[in-house]
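Below you'll find the structure, written out as C-alpha cells, and then a few comments.
The values are calculated or read from the model by the stated rules, or taken from the named source; none is laboratory data. Treat the numbers as computed from the prediction; the structure is a model and nothing was measured. All Cβ positions, even for glycine, are placed from backbone atoms using ideal geometry, and neighbour counts span all protein chains on display. Each accessible area value is taken on the protein alone, full model and side chains, heavy atoms only, with ligands, DNA and RNA left out. Shrake-Rupley method; radii C 1.70, N 1.55, O 1.52, S 1.80 Å.
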Amino acid sequence: KKIFEDHALLVYIRAPVDTLKERMEKRGDHPKQIEQRIVAAKVQIEEEPAKFDCIIENIGNVDATFSLLTALLR
C-alpha cells in the first residue's frame, strides 16, 4: 500500500476461530500450538478492519471463497 497507494487492494481471507481450531485438531496439531494459534487469530480479528480493504470469510468452501475474491477483483 505504501508503494502502490490506491492501486493496491489488501484482502485478508480468514476462517472463523472455531473452524481454525477444528482444522488444527483434525491435522493432529499439538494442543499448545492450537491454543497459541487461537489467541493469535483473536488478536488478528480485532486488528483486521484497520489494516485491510476487504475481509473475506472462508467457511470451508473453496469455490465460494474464490468466487467472492474474483467478484471483488472485478
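Overview of results
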{"quantity": "Counted residues, region 59-74 - those being surrounded by fewer than 11 Cβ atoms within 10 Å (Cβ to Cβ), under 15 Å from the mean Cα position of the chain (by Cα) and either at pLDDT 95 or above or part of a helix (DSSP H, G or I) (or both)", "calculated": "1"}
{"quantity": "Residue match in region 49-58 (condition: in a helix (DSSP H, G or I) and surrounded by 13 or more Cβ atoms within 10 Å (Cβ to Cβ))", "calculated": "no"}
{"quantity": "Members of region 3-19 that are more than 14 Å from Glu48 (Cβ to Cβ) and without any contact (Cβ under 8 Å) to a residue 40 or more places away in the chain", "calculated": "Ile3, Phe4, Glu5, Asp6, His7, Ala8, Asp18"}
{"quantity": "Conditions (1) open to solvent by less than 90 Å² (accessible area, probe 1.4 Å); (2) of a type outside the set (A, V, I, L, M); (3) at pLDDT 90 or above: number failed by Lys32", "calculated": "(1)"}
